[in-house]
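What follows is a set of notes on a single structure, which appears directly below.
The values are calculated or read from the model by the stated rules, or taken from the named source; none is laboratory data. Note that this is a predicted model, so its numbers are computed, not measured. All Cβ positions, glycine included, derive from the backbone under ideal geometry; neighbour counts span all protein chains shown. To get the accessible areas, we keep the full protein, side chains included, count just its heavy atoms, and leave off ligands, DNA and RNA. Shrake-Rupley method; radii C 1.70, N 1.55, O 1.52, S 1.80 Å.
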Amino acid sequence: MTQYALVTGAASGMGRASADVLQAAGWSLLLVDLDAGKLETANAGLAGKGAVNWLAGDLTDVDFVSRLSDKIAGLTVSAAVHCAGISPGMGSPSRILDVNLAASIALVDKLVNVIADGASVVLFASTAGHMLGSVFDQQIAEAVGERDLAQLRDLATSPEIAYALSKRGVQFLARNMALAFGKKNGRINSISPGIIDTPMSHAEMAQQPLMKTIVENSPLPRLAQPREVAEVAAFLCSPAASFVTGTDILVDGGSLTTFTHNIAE
Ligand SMILES: NC(=O)c1ccc[n+]([C@@H]2O[C@H](COP(=O)([O-])OP(=O)(O)OC[C@H]3O[C@@H](n4cnc5c(N)ncnc54)[C@H](O)[C@@H]3O)[C@@H](O)[C@H]2O)c1
């Protein structure tokens, strides 16, 4: 039976790299991004090598998520790598919470019903979620548990804080849903990348000089290639990770080891 992997954010960066790595590992692909033209152009090389389905739309649009869910229900989707997201420079605090956290919750709540038994879901969080520390964990856990982001919207006084809250929320979402996926013998985890060589990080680094300092002080003092994170996502989707669920995997070149306190203190 053809086994599909869903990849969101597949037109760029780590989503694009995940599509490559998963196809090479034998997966057929269901690729999602905002714009059909960009999605197909970015992945044109994959089409001749195996089954590739596309679906373009905005993951914050409830109707689009329903259409995607119907599409998934019609295939055997046994892996999902959810990379779509926006950085602090790409939207208002409210839009950042909508794209990064509310849309992730809506997608995961659909996936748990339509994804194949035994499937693996990988969400994309960030080291920014770890750098926030634990000061807002109670509010974040409540918001994710109750599917109500109102109190996070009050806390999100800047795009940077909104981004960190949204990504800490994604880490909590993996924990929150592990039991539900486990009932289907499935797994759900998040990955927290450090600073990766993608269009997103280039745009952010141009505005935030601190990011260059973080890279230079890291045990591995370089930007990672998107593929280095995609390989970890593919591992989490593979039987080699069969007992890994409800946790967050840091793929950050050790950058967090250089922080002695968190940004919210
Ligand atoms: N690049 C980094 O350094 C870095 C670090 C930590 C975490 N992350 C996270 O990793 C993920 C991937 O980042 P990237 O650097 O590959 O980003 P990217 O900007 O290269 O790609 C993100 C893709 O998501 C798509 N997208 C955005 N909003 C969408 C929406 N509402 N619906 C559908 N698609 C949407 C974009 O069109 C884009 O193609 C993001 O969630 C990001 O927050 C990135």
Toy charge model, Lys and Arg Cβ at +1, Asp and Glu Cβ at -1: the range 4-264 dipole around Cα centroid in debye, rounded to 20, equals 420 debye
Probe 1.4 Å, all chains present, heavy atoms only: Met90 accessible area in Å², nearest 10, is 90 Å²
Here FRET efficiency (C-beta to C-beta, Arg227 to Asn53, R₀ 22 Å, nearest 0.05) is 0.50
To the nearest 10 degrees, the tilt of helix 13-24 (Cα long axis) against the first principal axis of the alpha carbons of the chain is 40 degrees
Computed over the chain: longest principal axis from alpha-carbon atoms vs helix 226-237 long axis, angle to nearest 10 degrees, is 60 degrees
For the range 173-181, in residue order, the Karplus 3J(HN,Hα) values (coefficients 6.51, -1.76, 1.60; θ = phi - 60°; whole Hz; Gly and Pro = x) are 5, 4, 5, 4, 9, 4, 5, 4, 5
So for R0 = 45 Å, FRET eff. of Ala180-Thr41 from the Cβ-Cβ r, to 0.05, ends up at 0.80
Per DSSP, the loop-located chymotrypsin sites (Phe, Trp or Tyr not before Pro) within the range 157-265 having at most 12 other beta carbons within 10 Å are Phe243
Counting only residues 5 or more apart in sequence or on a different chain, those whose built amide H sits under 5 Å from that of Ile86 are Asn100
The chain accessible area per residue, 1.4 Å probe, protein heavy atoms, integer Å², reads 43 Å²
Extension length gain for Thr60 and Asp148 (0.36 nm per residue less Cα distance), in nm, is 30.2 nm
Counting only protein heavy atoms and leaving out ligands, DNA and RNA, the solvent-accessible surface of Val135 at a 1.4 Å probe, in Å² to the nearest 10, equals 70 Å²
Row for the range 109-265, column shape: gyration tensor on C-alpha, a ≥ b ≥ c, rounded if a/c < 1.5 i.e. under 1.5, prolate if a/b over b/c, else oblate; value oblate
Checked against the positive end of the charge dipole of the range 72-211 (+1 on Cβ of Lys and Arg, -1 on Cβ of Asp and Glu, about the Cα centre), the farthest of Thr157, Ser94, Leu173 is Leu173
Going residue by residue through the range 80-95, the Karplus relation 6.51 cos²θ - 1.76 cosθ + 1.60 with θ = phi - 60° gives ³J(HN,Hα) values, rounded to whole Hz and with x marking Gly or Pro, of 9, 10, 9, 9, 3, x, 10, 9, x, x, 9, x, 6, x, 5, 5
Note on the range 4-264: the mean projected area of its alpha-carbon convex hull, in nm², is 12.7 nm²
Excluding ligands, DNA and RNA, the carbon-plus-sulfur percentage of the accessible area of the range 4-264 with a 1.4 Å probe reads 55 percent
Per the C-alpha gyration tensor (a ≥ b ≥ c, the square roots of its eigenvalues), the range 140-213 is rounded if a/c is under 1.5, else prolate if a/b beats b/c, else oblate; here it's oblate
